[in-house]
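Single-structure report; data block below.
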Amino acid sequence: MPYPSGELPDDFAERLEQLKQASGLSWDAFAEAIGVERKQVLRWRRGTEPSGSAYHGLVELARLIPGGIEILLGEDFLDSPEGS
C-alpha cells in the first residue's frame with residue numbers, strides 16, 4: 001500500500017509520531033512491532049524513507065491500531081482509487 005504519489009508526504013515524521021501515540025507503545029516497542037530497530041525509526045523521524053519491507057511492517061502495524069491507516073496514509077489516500 002504505497003503512497004499514491006510514490007513518495008512519502010512532507011509530514012511523514014508527524015504522521016509517524018501520531019501513529020506511535022495512537023499505538024500507546026514506547027518507541028522501542030513500536031520499532032519492534034514494525035520489525036526494525038529503534039534507531040531506524042529515529043532515522044525516519046529525521047526524514048529517511050523506510051525500505052519496502054520496513055514500510056510494509058509499518059502499514060501492518062497501522063492496520064492494528066484504530067484509525068492507524070488514516071493517520072499514516074491520510075483520508076485523501078483512502079478516498080483515492082489506490083486506497084479502495
Being aliphatic (A, V, I, L, M) and surrounded by 17 or more Cβ atoms within 10 Å (Cβ to Cβ) is the filter; apply it to the stretch 34-53 and report the residue that is farthest from Glu70 (Cα to Cα). Val36
Residues located in the stretch 22-31, provided they are loosely packed, with under 15 Cβ neighbours inside 10 Å and part of a helix (DSSP H, G or I): Trp27, Asp28, Ala29
Residues of the stretch 37-65 being assigned to a loop (DSSP other than H, G, I, E, B), modelled with pLDDT under 95 and not charged (D, E, K, R), in sequence order, are Gly47, Thr48, Pro50, Ser51
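The values are calculated or read from the model by the stated rules, or taken from the named source; none is laboratory data. None of these values were measured; they are calculated from a predicted model. No Cβ is skipped: glycine too gets one built from the backbone with ideal geometry, and neighbour counts run over all protein chains shown.
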